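J.: Take a look at the following structure, please.
Bear in mind that the values in this text are calculations on the coordinates, not laboratory data. Note that the coordinates shown come from a computational prediction; the quantities given were computed from them, not determined experimentally. Virtual Cβ from ideal backbone geometry, glycine too; neighbours counted across all protein chains shown.
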Amino acid sequence: MKEINVNIKLDLLVPINQHSLYYLAGVKPNVEWNLRTIAAHKISSQEELIELELQKEQAAKYINTPEGMQQVTKFVEECVSVFNFLEHDPQSAVDYLEGKKIIFVAGAMRTGGTFLTSKLFEVFDMRLEDFNLHMVHDTIPNMPLSLPNSAKGLHPFLFGLAQLIVWIKREFKNSHIAIKKRTSFEYYLPLLYNIFGDNAEYILTIRHPIPSGFSMAKKEGLEVNSHCSPAWWYELIENKKGVSGRTWDKLNCIERFAMYWQICYEAVAKNHNYKQKIKVVPYDKQSYQDLISFVAYKYHGNDVILDDFFANTKEYKGTWSRDYIDNILEQVNYHWELSGLKFPILELK
């Protein structure tokens, strides 16, 4: 199924993400979660792959029926309404959501954010896998490589954010809390604060780049010493750092991931303002437990004990430059100090 472009006002064509369409057509979220797996460490079964493809085929057929198009039209109309006040009166989002609190979880990939998010859902008697993966975890809204100054790039992003907000109102109707994880929230923290202010919590997971890089390499099936990486790493890093292809080719998988990691946490410092309170959660059991307990107490949730959190200090071996990694840590620490944030001590686990 392809995304559908709609005119939401004169000469403004924006897309409805295909994952929003799958959501509207009733694709079951637990099937996608089983295929993704929270730890991303198991091989998907062929039966699950076939089941998901069958559901998506049925969804595509449903969307093209009169009933399906009616669902899309109703969703679009509500999203357009939300888009309009995001553009002209962003604080109205809080009223639209009837004062519902939102917990945003940000951080570089493979830093424990999904595990933490699943535990936050448990605090409020919910299960992460019961919610649409792309809405609650990633993909929507889609952020440009750099949040653009021009309306041409900003409008599709705001419409994607409108889709998320409409989804939150629909799917968290029985909860006073909504939870959303997105690996790129650190790039538009000011926008989120301008919309939700102190009606939201802004949580940032952080883990040492070496174990995070090892976890990412395992997920992608890459050798840590190889000069291989997903294409989007270079696209992002070239956009943010202006790294030449010649320099990039000399970096191995872990060094490339570390540069992506650096960009994420420098973005936090660059986009942080002194009014916005960001809760930084290093990757260790006690920090996670403290955060869970804080949220449970503040928002009248359940106590959740992290008996299934396992992280041991390890010896990671590879051919990357230690000076290179140390320099990245120093640069991020420097940016955080300038921003008034305290960079945590990170362990290799």
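J.: Would you pull out the residues with amide H under 5 Å of I179's amide H, same chain only if 5 or more places away, H placed 1.01 Å from N?
T.: Answer set, sorted by chain and number: I103.
J.: If contacts are Cα pairs under 8 angstrom and at least 6 residues apart, what is the relative contact order of the chain in percent?
T.: The value is 19 percent.
J.: May I ask you to order 2-14, 272-284, 294-306 by the average number of other C-beta atoms within 10 Å around their residues, highest value first?
T.: Result, highest mean first: 272-284, 294-306, 2-14.
J.: Only residues of the stretch 113-127 count here: report those whose backbone N is under 11 Å from the spot 7 Å along Cα→Cβ of Q289, or say none.
T.: none
J.: Continuing with this model, one more query. Rounded to the nearest 5, what % of DSSP beta bridges with both residues in the chain are antiparallel?
T.: 25
J.: Using the Karplus equation 6.51 cos²θ - 1.76 cosθ + 1.60 (θ = phi - 60°), what ³J(HN,Hα) coupling, rounded to whole Hz, does each residue of the stretch 58-75 give in order, writing x for Gly and Pro?
T.: 5, 5, 4, 5, 5, 4, 8, 8, x, 5, x, 5, 5, 4, 5, 4, 4, 5
J.: Taking the Cα centre as origin and putting +1 on Lys and Arg beta-carbons and -1 on Asp and Glu beta-carbons, what dipole magnitude results for the stretch 214-286, to the nearest 20 debye?
T.: Rounded to the nearest 20 debye, it is 420 debye.
J.: Provide, as a two-decimal number, the C-alpha radius of gyration of the stretch 24-137 over 2.2 N^0.38 Å, N being how many residues it has.
T.: Its radius of gyration relative to the 2.2 N^0.38 Å reference: 1.29.
J.: For n ≥ 4 DSSP H runs only, could you compute -39500 (n - 2.57) per run for the chain, divide by its residues and tell me the 222 nm figure to the nearest 500?
T.: Result for the chain, helices only: -16500 deg cm²/dmol.
J.: Would you work out the relative contact order for the stretch 178-253, in percent, from Cα pairs under 8 angstrom that are 6 or more residues apart?
T.: After rounding, I find 28 percent.
J.: Another question, then. Take the Cα of K298, step 7 Å along the line toward its Cβ, and report every residue of the stretch 90-106 whose backbone nitrogen sits under 15 Å from that point.
T.: Taking a point 7 Å out along Cα→Cβ of K298, the residues of the stretch 90-106 whose backbone N falls under 15 Å are 100-106.
J.: Here is a follow-up. Can you tally the lysine pairs in the stretch 1-95 where the Cα-Cα distance is under 27 Å and the two residues are eight or more apart, or on different chains?
T.: Count of close lysine pairs: 12.
J.: Further question: How big is the stretch 129-232 along each principal axis, measuring the range of its Cα positions in Å and listing the largest first?
T.: Per principal axis, max minus min of the Cα coordinates gives 45, 36, 23 Å.
J.: Would you please give the residues with an amide H less than 5 Å from that of V6, counting only those at least 5 places away or on a separate chain, with H modeled from the backbone geometry?
T.: The list, which skips near neighbours in sequence, is V14, I16.
J.: Turning to a different aspect of this structure: Whole-Hz ³J(HN,Hα) for each residue in the stretch 216-225, computed from phi via Karplus 6.51 cos²θ - 1.76 cosθ + 1.60 with θ = phi - 60°, x for glycine and proline: what do you get?
T.: Once θ is set to phi - 60°, the couplings for the stretch 216-225 become 5, 4, 5, 4, 8, x, 10, 7, 4, 8 Hz.
J.: Which number gives the lysine pairs in the stretch 112-221 that have C-alpha atoms under 18 Å apart and are eight or more places apart or on different chains?
T.: 4
J.: I'd like to know which of M109, P282, V82 lies farthest towards the positive end of the charge dipole of the chain, counting +1 on Cβ of Lys and Arg and -1 on Cβ of Asp and Glu.
T.: Of M109, P282, V82, it is P282.
J.: Compactness ratio of the stretch 248-336: Cα Rg over 2.2 N^0.38 Å, N = residue count?
T.: 1.41
J.: Read phi for every residue in the stretch 331-339 and hand back ³J(HN,Hα) as whole Hz from Karplus 6.51 cos²θ - 1.76 cosθ + 1.60, θ = phi - 60°, with x for Gly and Pro.
T.: 5, 5, 4, 4, 5, 5, 4, 4, 8
J.: Looking at the calculated P(r) for the stretch 160-288, what percent of the C-alpha pair distances fall above 24 Å?
T.: 42
J.: Shifting gears a bit: For the chain, just say rounded, prolate or oblate: build the C-alpha gyration tensor, square-root its eigenvalues into a ≥ b ≥ c, call rounded for a/c under 1.5, and beyond that prolate if a/b exceeds b/c, oblate if not.
T.: rounded
J.: Which stretch or stretches of the stretch 176-211 have amide N atoms under 19 Å from the point lying 7 Å from D95's Cα along the Cα→Cβ direction?
T.: Answer for the stretch 176-211: 193-200.
J.: Also: Given H placed 1.01 Å from N in the peptide plane, which residues other than close sequence neighbours of I206 have an amide H under 5 Å from its amide H?
T.: For I206, the qualifying residues are V281, Y283.
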